[in-house]
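What follows is one structure encoded as structure tokens, with my remarks underneath.
The values are calculated or read from the model by the stated rules, or taken from the named source; none is laboratory data. Just so you know, these numbers come straight off a predicted model, no measurement behind them. With ideal geometry, Cβ positions are generated from the backbone for all residues, glycine too; neighbour counts draw on all protein chains shown.
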């Protein structure tokens, strides 16, 4: 029974952004090899009216598909969850299933309120996040080496190996001040680190990438250039890896990793402390 | 029993990045008003050895706290989940609890494999994401108005009201090409939209912010300047809101919203189509 493809619609339903529900649902559903998914996120389902609209939408999909959809949800309010649960679908709610064991464990009642009011902690986190994103943006791509000593981590590697999105993720998700500095062919011919980096060696973290992948990425930007040629990509990656090895810089291969995986791995291996939770 | 503060350690355990587990755990646990949390994420618990290390860590915390911690986890592998479940803790695993109903529903077995190999879809998503992040970065803060017509959305508003982090989130999470353009006092005195925006009115989306909050944010960057003064912030916000109203630009108040909420709301209200899932 495992060979034929199965088609299903999946709905990620939440009273807030739905991002948690869709991340969880996505990783659960990718466990099924033969599943062909149509995914829809329904955020801000925070009233019974909106719950009923969502149910109508889901039921219409069930009728059109000829098979009931799957709902993965995070709904804090018990009545709204019950209303959504009446849809013609497999209903899996992460909130309702865990809140009772948590109440029992803590000997305390959950508020069941939607989108808890933003407290002082959220505001402090907002500032820290904003500040780290600003730092990261102003230290992207070696734009400036000013205040580089204030970075928590400085990603190095050849152009287009994934430094910028990884830095942005580090600052957005973890509040880390992440700078990046691209190696250019001049750095390889001098056989040493750029001057501005030598005193900051402890903060350096290297990214590398398979030359064929780099070739493909660079070709999207500048097709048929020497910059994007496979030969040049091979040479640059080889030189960058040699330089990083010589300088004892830890290196992570970005080829088959998502930005989330790169950022989380760097947090762990470089023992960086997150500033926001 | 609801008045005194309760202290607990929480562990977010995952065989991959742990980001889903920590987002879910965080939103479940903020439902308890009197809970004082110490949160720790343990990512990449993808072997029995690492599971045992995690258990030792959690048990040591239980002993030190004098009360058992809470584990919120996403663990695809049944044996690893069972090993972590032996810790002296309340063990809530999102994967194991939902995978059986999903298997029954789909009439198919989950692979229970950790970190499913990156498939073609992931690679395509990676390119789309990279491309939209690059677009967003090169159209940040009105840096260039070239190719502005290729934007999916253009955020407008006064300087420091939250446009940049919101654009970055839109591009990272949804693959949307999000540009932003700051209103400056000259735009208000001319009583009209900057020329480069008039033809793109349908793509414009406004952010506004409480003047007191703006004053605080700007003061962190340039304390005691006329730019950051409360009086100037009040004036700029008033002028920007009047301009956006006059031009029929939809406006969202960023004051009490997280970047995730802003981005999700804009996706929904501007009916933007996400390019990645």
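Residues checked against (1) within 24 Å of residue A:275 (Cβ to Cβ); (2) in contact with a strand residue (DSSP E or B) (Cβ under 6 Å, 6 or more places away or on another chain):
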residue: B:57; (1), (2): yes, no
residue: B:63; (1), (2): no, no
residue: B:66; (1), (2): no, no
residue: B:69; (1), (2): yes, yes
residue: B:78; (1), (2): no, no
residue: B:85; (1), (2): no, yes
* Members of the stretch A:211-242 found to be within 13 Å of another protein chain (Cβ to nearest Cβ) and either free of Cβ contacts under 8 Å to residues at least 12 places away in the same chain or within 19 Å of residue A:181 (Cα to Cα) (or both), listed by number -> A:214, A:216, A:217, A:218, A:219, A:220, A:222
* **Where residue B:103 falls short, out of the listed (1) part of a loop (DSSP other than H, G, I, E, B); (2) within 12 Å of another protein chain (Cβ to nearest Cβ); (3) at pLDDT 90 or above** => (1)
* To do: Considering only the stretch A:124-153, state which residues are in contact with a helix residue (DSSP H, G or I) (Cβ under 9 Å, 6 or more places away or on another chain) and farther than 20 Å from residue B:140 by Cα.
  => A:145, A:146, A:147, A:148, A:149, A:150, A:151, A:152, A:153
* Asked: Which members of the stretch B:109-158 meet the condition of being outside the structural domain of residue B:204 (by TED's automatic domain parsing) and either in contact (Cβ under 8 Å) with a residue 40 or more places away in the chain or touching a strand residue (DSSP E or B) at 6+ places or on another chain (Cβ under 7 Å) (or both)?
  -> B:114, B:115
* Structure fact -> Only one of A:30, A:41 is closer than 16 Å to residue A:81 by Cα and surrounded by 17 or more Cβ atoms within 10 Å (Cβ to Cβ), namely A:41
* Asked: Failed condition for residue A:269, given (1) within 19 Å of the chain's Cα centre (by Cα); (2) away from every other protein chain (no Cβ under 13 Å), with all others met?
  -> (2)
* Can you pull out the residues in the stretch A:255-266 that are touching a helix residue (DSSP H, G or I) at 6+ places or on another chain (Cβ under 8 Å) and either facing chain B (nearest Cβ under 10 Å) or at pLDDT below 95 (or both)? -> A:255, A:257, A:258, A:259, A:260, A:262, A:263, A:264
* Name the strands (runs of 3 or more DSSP E) wholly within the stretch B:1-95 that hold at least 1 residues that are more than 23 Å from the chain's Cα centre (by Cα) and at pLDDT below 95? -> B:6-14, B:35-42
* Has the stretch A:233-240 got at least one residue that is closer than 29 Å to residue B:276 by Cα and within 19 Å of the chain's Cα centre (by Cα)? -> no
* **Conditions (1) surrounded by fewer than 20 Cβ atoms within 10 Å (Cβ to Cβ); (2) in contact with a helix residue (DSSP H, G or I) (Cβ under 8 Å, 6 or more places away or on another chain); (3) closer than 27 Å to residue A:254 by Cα; number of the one not met by residue B:49** => (2)
* Asked: Any idea which residue in the stretch B:114-150 is nearest to residue A:32 (Cα to Cα), counting only those that are surrounded by 22 or more Cβ atoms within 10 Å (Cβ to Cβ) and more than 9 Å from chain A (Cβ to nearest Cβ)?
  -> B:132
